[in-house]
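Data first, discussion second: the structure below is written as structure tokens.
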Amino acid sequence: MQPTILIVDDEKHTRDGLRRLLEDEYDVYVAEDIGGAISVLERETVDVLLTDLRLGSED
């Protein structure tokens, strides 16, 4: 079983690039906002949370 990472970023190209970079070594989940991140966290166990410091109006 691979470690899991949740990537939270409002920029699609950043999410997609990080996912492609990490998906061979990790189970990668992505979310574009806080609501999406909470949804993932409610149903999955995540080892690492990688997040943008500024998520639009949801800082």
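Coordinate-derived values only; no laboratory data. Because the structure is a prediction, the values reported are computed rather than measured. Every residue, glycine as well, gets a Cβ built from its backbone with ideal geometry; the counts of neighbours run over all protein chains shown.
Below is a table of values for the structure above.
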item	result
Ranked list, fewest to most other Cβ atoms within 10 Å of each Cβ, for I34, I7	I34, I7
At 1.567 mPa s and 4 °C, Stokes D of the chain from Kirkwood alpha-carbon radius, µm² per second	113 µm²/s
Ordering of 9-22, 35-48 by burial proxy (mean other Cβ atoms within 10 Å per residue, highest first)	9-22, 35-48
Helix-only CD estimate at 222 nm, as mean residue ellipticity for the chain, using -39500 (n - 2.57) per DSSP H run (n ≥ 4)	-10500 deg cm²/dmol
